[in-house]
1. Only loop residues by DSSP count here, and only those with at most 15 other Cβ atoms within 10 Å; note down the GluC sites (Glu not before Pro) in the range 71-171 that meet that.
2. Charges only on Cβ, +1 for Lys and Arg, -1 for Asp and Glu: so what's the dipole of the range 180-296 about the Cα centre, in debye to the nearest 20?
3. So if I take the centroid of the Cα atoms in the range 101-163 and the same for the range 283-351, what is the distance between those two points in Å?
4. Taking every DSSP beta bridge with both residues inside the chain, roughly what % is antiparallel (nearest 5)?
5. So what is the relative contact order of the chain, in percent, for Cα pairs below 8 Å that sit 6 or more residues apart?
6. Using a Gaussian network model on the chain with a 10 Å cutoff between Cα atoms, which of Ser237, Ser165, Ser215 fluctuates the most?
7. Of the options His87, Ser268, Met313, report the single residue whose Cα projects farthest towards the positive end of the charge dipole of the chain (beta-carbon charges: Lys, Arg +1; Asp, Glu -1).
8. Tell me the angle of helix 205-237 to the major Cα principal axis of the chain, expressed in degrees between 0 and 90 and rounded to the nearest ten.
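The values are calculated or read from the model by the stated rules, or taken from the named source; none is laboratory data. What you see is a predicted model, and the numbers here were worked out from it, not measured in a lab. Here the Cβ positions follow ideal geometry from the backbone for every residue, glycine too, while neighbour counts run over all protein chains shown. Ligands, DNA and RNA are stripped out before the accessible areas are found, and what is left, the full protein with its side chains, is counted by its heavy atoms. Shrake-Rupley method; radii C 1.70, N 1.55, O 1.52, S 1.80 Å.
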Amino acid sequence: MAIRSVSDHKTIQVDSGKIPPPAGVTAEFLDFGNRSHGPATLSNAESLVSDGRFVWIDIDEAVVDLAAVLPALPKVLAVALNQAAAHDRSHHPPATQAISTLLRGEAFLRMHLVGAQVEAAGLTSDMLGIMITPGFLLTYHRGRCNILEAVRQDYVHDFEQHATSPSFLVYEFWDKQTEQFLMIENRLDHEVESTRLALRQFADEAAFERLADVSGSLLALRQLVLPARRVLEELVSRKTTLISDATLEFLANKIDTLERVIADLISSREILESAMNFSLTVMTHRTNQTMNRLAVVSTIFLPLTFLCGVYGMNFNAMPEIEWVHGYAMFWVISAVITVSLTILLRRMRLL
């Protein structure tokens, strides 16, 4: 098969083999000597690496099971995957857990990157497994993976322009994951601000439900960013032949970015908490004002109710009943009591 390089317009002859990758499996080679790249197969992957090229294999586990492809993978990848699986069974929870992890072996690095996406149902995550061995990069995921799609959009341009070693792909994955975290954090910032304004204007049940949803999304994103930061710190703290020193320096910068994301998430949660407390304070103040008005009205009408109760009794021996001016006197006394209490309550600033 003839593969044409985009950068130097040279044609590289590559034996692609006769057996194409099975469904759900894609393979391609990268040649850093002449900036060429093109499709590969599992059958010729080892020969390509022997010729000095680098091979990237991707497996979609929604289409084909990783265990079914394992016998067809290059031996170094199969051994690394078996060692990683044995380590997981004895030391760690299942790899499907949505948390970023790092595993170092004698001749491999295995990373799990967890991306995030804001949807109508809330914050969702997808996991991308990355296995790095000499000459090979294996990625595996289940169904659509946002991080992988973002990398595929840009990695060819970066490879042709400035990549000097296969470890640039590791940086590409971490760069896209960090960008994803930043995009989600920025979107949540807007939701935090709109929620704060909604709580300030009218704190109803819908506003509090919205606050709970946004606060939950912030917490869920923080639970994804924290493990990713720990993995990056562990990755850059120890040098390895599988990742160049220059790439490790670039990855170290990503740690600072993730630190800022975590700080912003904490700040956003504090803003929401402050908005909720302010809203509750306003609601308490309004309730107190309402209760105060009711108390004032009750204070004014209490003596009037007493008078009505007294003269509403059915006793024959009540002299005021026979008095010609009794009815008028009742209203005079009621007016005097009402005006007096109103003036007194105003002076006490209760009305």
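1. Counting only loop positions with at most 15 other Cβ atoms within 10 Å, the GluC sites (Glu not before Pro) in the range 71-171 are Glu106.
2. Once rounded to the nearest 20, the dipole reads 220 debye.
3. The range 101-163 and the range 283-351 have Cα centres spaced 78 Å from each other.
4. Working: 35 of 41 bridges.
That works out to approximately 85 percent antiparallel.
5. 12 percent.
6. Ser237
7. The residue sitting farthest along the positive end of the dipole is Met313.
8. Once rounded, one gets 30 degrees.
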